[in-house]
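Shown next, in structure tokens, is the structure this report addresses.
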Amino acid sequence: MFYREAGQFKTSYASDQAVFPILQDRIGVFIILAIAFVVIPLTGNDFIINAVMIPFLVFSLAAIGLNLLTGYTGQLSLGTGAFMGVGAYACYKLTTIYPGVNIIIWVIASGFFAAAVGAVFGLPSLRIKGFYLAIATLAAQFFLEWCFIRIPWLYNYNVSAAIEVPQRELFGIIVTGPRASAETRYYIVLSIVVVMTWMASNLMHGRIGRMWMAVRDMDIAAELMGIRLLPTKLLAFAISSFYCGVSGALMVFLWYGGAESAVFNINQSFTILFMIIIGGLGSLLGSFLGAALIYILPIILRFVPPQLGIPLHAATIEHITFMTIGALIVFFLIAEPAGLARLWQIGKQKLRVWPFPY
Amino acid sequence: MRAPGGPEVAAGDVLLSVENVSLSFGGVKAVSDVSFDIRKGEIRAIIGPNGAGKTSMLNIINGFYHPQQGRITFQGKTRSKMRPHDAAHGGIARTFQNVALFRGMTALDNIMAGRTLKMNKNLFWQLLRYGPAMAEEVEHRHRVEEIIDFLKIQEIRRTPVGRLPYGLQKRVELGRALAMEPELLLLDEPMAGMNMEEKEDMSRFVLDVNDHYGTTIALIEHDMGVVMDLSDRVVVLDHGIKIADGTPDEVKKNKGVIDAYLGVAH
């Protein structure tokens, strides 16, 4: 009843092939964008923007990157954290070597470095699949992490072995470094994430998206239809790593303000993988939902007991949070193994026929 | 409907010829010294008891297996080794014995995926999904809708194929192969596991494809009634050896064929 496509006739294939063919969806996306671009910066405090929204967007972008590879192309990867690291270190090197160039250009350019590295580590995917490929990408994780520690050139021979984000300006506004305002950084992260999500969605609705999904669902049939497996998989690795790399650069430059190699360790890879499994493999919306569940939910949970006036020790709250998150993950996986995105689909279907059961 | 690149082969001429092809897996001889040809515009059946090497033969034709001996000439071009995507480029499409659809995708997307080779707009336009990429998308959607109309599967367009009943899955798979606009269509047991009505529907589609698009068809089928009715010529394999080749009537009377199917008294 609330979500009816009745009466919305398509008169051309172009409108039928649109990403959001249904009016309600378009309105929904518009409202979400309006909230993200207007309401949150106006009403949100520094904490909401800096500690909730920016990390959420950064993780969402990384989750989209991994989802393109694992969810859409079916290639399991455990190297996400390392590919994010490549983006971060590339961006750091580029901006310290050429300080005059617009930092946004370097953030995007660092994605290309990650893409190249990702494509190289994607080469084994021609021969090995599934868990074995995951182990092969683990090699990327350990090798790159080793590089981040052992090659001092990457962090400009800092004594701390960490990268410190220098101050950079964009049209006279400070965008990186300790003096940049949260709103500015939020707007930049948000814009990049929105544009890249839009592009990912375009890609998935076109020829390349169909090629990737064909390789995921039935690689033999895909091959016999003329899809060459290696170039297709390598393209998936490259584009996925591009997203991860940009996400890593954003993470260090617009959120942390500095980082050491430990940020890009195997835990980071697993965190992103959990996000897409819980959010929904092969769904862009799922990437956002998964990032929200894993990153934002613990923050909210931490505030529940104090708000209810329950006097608990900070450490106890931390433990309870962990347990609750664990239980929720199990609950969601049992309720819908295909992820939160699928739950949303089912919900839409229910809204469509409400108040009738079917 | 002609695949690009290949020279024009007139109707009735040899489109594909298999000469002395042998394939073995270790000690198992799947196909030994088999020769036959497929003429343009005909429906050619490959039959034989289980394990006769029929599917292996199809796999050889579309480049999935590489025969140890023998030559294959397709559209006048001879090759002994070929990758599957070369076969696809050359205009060979196929369906599978156990449906090999892309289960997570809708019927429409499956058939659109069949047109991948015909689409060439680059990554840049794909990312924007605007201008040339969108124009290409719409153009191919037109062709896909023709196929959807042809196969009468309009109402399942948006259904993920994993949820479709078996008979419809087979039909979508045929649609996906047709979307490639093949010169030669290989059907591996298109009617396996179907009831009478579905078989009749599928038979009609096979005849219509042959008639309407002029596609040459090679099919493997176990239902002798279907084979005898549909095909112009039949080749019979048994234990990887060709035991008969000819029109359905000739094959039906062939003693070797009867023995292979019914067994011989010892």
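Here are the numbers for the structure shown:
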quantity	calculated
Meets criteria (free of Cβ contacts under 8 Å to residues at least 60 places away in the same chain and more than 9 Å from every other protein chain (Cβ to nearest Cβ)) for A:Arg179	yes
Output for the stretch B:93-128, where each listed residue is within 22 Å of A:Ser283 (Cβ to Cβ), small (Gly, Ala, Ser) and more than 7 Å from chain A (Cβ to nearest Cβ)	B:Ala107
Test: residue in the stretch A:30-53 that is under 10 Å from the mean Cα position of the chain (by Cα) and among the hydroxyl-bearing types (Ser, Thr, Tyr)	no
So A:Leu351, is it at pLDDT 80 or above, within 22 Å of A:Asn67 (Cβ to Cβ) and surrounded by 13 or more Cβ atoms within 10 Å (Cβ to Cβ)	no
Checklist (1) within 14 Å of chain B (Cβ to nearest Cβ); (2) exposed (fewer than 13 other Cβ atoms within 10 Å of the Cβ); (3) at pLDDT 90 or above applied to A:Val39, failing item	(1)
The stretch A:221-234, residues that are touching a helix residue (DSSP H, G or I) at 6+ places or on another chain (Cβ under 9 Å) and more than 8 Å from chain B (Cβ to nearest Cβ)	A:Leu229, A:Leu230, A:Thr232, A:Lys233, A:Leu234
From the options A:Ile320, A:Ile329, residue that is β-branched (Val, Ile, Thr) and either touching a residue at least 40 places away in the same chain (Cβ under 8 Å) or within 19 Å of A:Gly71 (Cα to Cα) (or both)	A:Ile329
Test: residue in the stretch A:246-268 that is within 30 Å of B:Leu108 (Cβ to Cβ) and more than 9 Å from chain B (Cβ to nearest Cβ)	no
Verdict on B:Lys152 being at the interface with another protein chain (Cβ under 9 Å from one of its Cβ atoms), of a type in the set (D, E, K, R) and either under 16 Å from the mean Cα position of the chain (by Cα) or over 27 Å from B:Thr73 (Cβ atoms) (or both)	no
Residue within the stretch A:197-207 that is modelled with pLDDT of 95 or more and more than 11 Å from every other protein chain (Cβ to nearest Cβ) present	yes
Matching strands (runs of 3 or more DSSP E) fully within the stretch B:214-266 where at least 2 residues are over 17 Å from the mean Cα position of the chain (by Cα)	B:233-238, B:241-246
Test: A:Ile40 is part of a helix (DSSP H, G or I), of a type outside the set (Phe, Trp, Tyr) and touching a residue at least 24 places away in the same chain (Cβ under 8 Å)	yes
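The values are calculated or read from the model by the stated rules, or taken from the named source; none is laboratory data. Bear in mind that the values here come from a model prediction, so they are computed numbers and not experimental data. With ideal geometry, Cβ positions are generated from the backbone for all residues, glycine too; neighbour counts draw on all protein chains shown.
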